[in-house]
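Colleague: Could you have a look at this structure, given as structure tokens, before my questions?
Readers should treat all values here as calculations from the given coordinates under stated rules, not as data from a laboratory. It should be emphasised that the depicted structure is a prediction, and the values quoted were computed from it without experimental measurement. We place every Cβ from the backbone using ideal geometry, glycine too, and count neighbours over all the protein chains shown.
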Amino acid sequence: MKKGLRNLGLFVGAFTLAALAIVPKRRESEDAPPATDEDVNNIMRTTLVDTIRAEMAAPDPEKYWGDVWASGGPHPAAWCGALILWAMRQVGLTDAHWRAGLALPGQMSLPRTTTPRVGDIAYFTKHQHQATVSEILGNGVYAVLNGNAAGGAISETETSTGKVAAFYSIQPLIDRLLETA
């Protein structure tokens with residue numbers, strides 16, 4: 001089952017890139033400019049958020065951990081980071097597995113950012129919680145998707161810059177994907 005989920009993630013990522021390769025041809029035929037790397041960047045970020053939102057109806061922490069946990073033995077009870085890494089794997093941003101003892105940004109060597117974008121990671125010191133920025137609301141306020149929320153749910157809440165310990169950019173993952181496309 002793990003291999004099937006991983007292959008599905010690689011397929012989704014490859015499908016996304018293949019679909020994006022068609023966009024410039026379609027746009028050229030409509031006398032519009034071809035898709036840019038920024039277009040691809042925005043599509044990948046939105047796809048990541050949409051993948052997490054699609055899980056809101058029936059969150060499955062065992063599915064997320066089953067795909068990302070490679071350390072053997074029991075996995076942590078909290079699953080906010082596992083959800084994000086699982087979603088990243090589903091859209092083809094990474095094939096990394098969870099390494100015990102590190103928060104997701106540290107595992108992925110993601111740089112801090114003071115200008116978070118949709119898809120970036122918000123890190124909160126309380127409970128070492130990690131969430132995905134789902135919308136920029138303005139004036140330092142963001143909507144974030146939280147795995148492992150109350151009642152074992154995935155929630156979308158508002159937060160402000162002052163409540164977030166750090167934001168981490170997923171841009172290096174997207175850049176790597178664009179380099180290999």
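Colleague: Separation between the ASP37 and ALA78 pseudo-spin-labels, each 7 Å from Cα along Cα→Cβ, expressed in nm?
Modeller: 3.5
Colleague: What is the spin-label model distance, in nm, from ALA181 to SER155 if the labels are put 7 Å beyond Cα along the C-beta direction?
Modeller: 3.5
Colleague: Non-local amide H neighbours of ALA166 (under 5 Å, H modeled in plane, Pro and chain starts lacking H): which ones?
Modeller: TYR123
Colleague: MET56 to ALA165: extension gain in nm, 0.36 nm per residue of separation minus the Cα-Cα distance? The partial results should precede the final answer.
Modeller: Working: separation 109, 0.36 × 109 = 39.24 nm, distance 2.48 nm.
Stretched fully, the MET56-ALA165 segment lengthens by 36.8 nm.
Colleague: Put a dot 7 Å past each Cα toward the Cβ at ASN139 and HIS97; how far apart are the dots in nm?
Modeller: So the two model labels end up 4.7 nm from each other.
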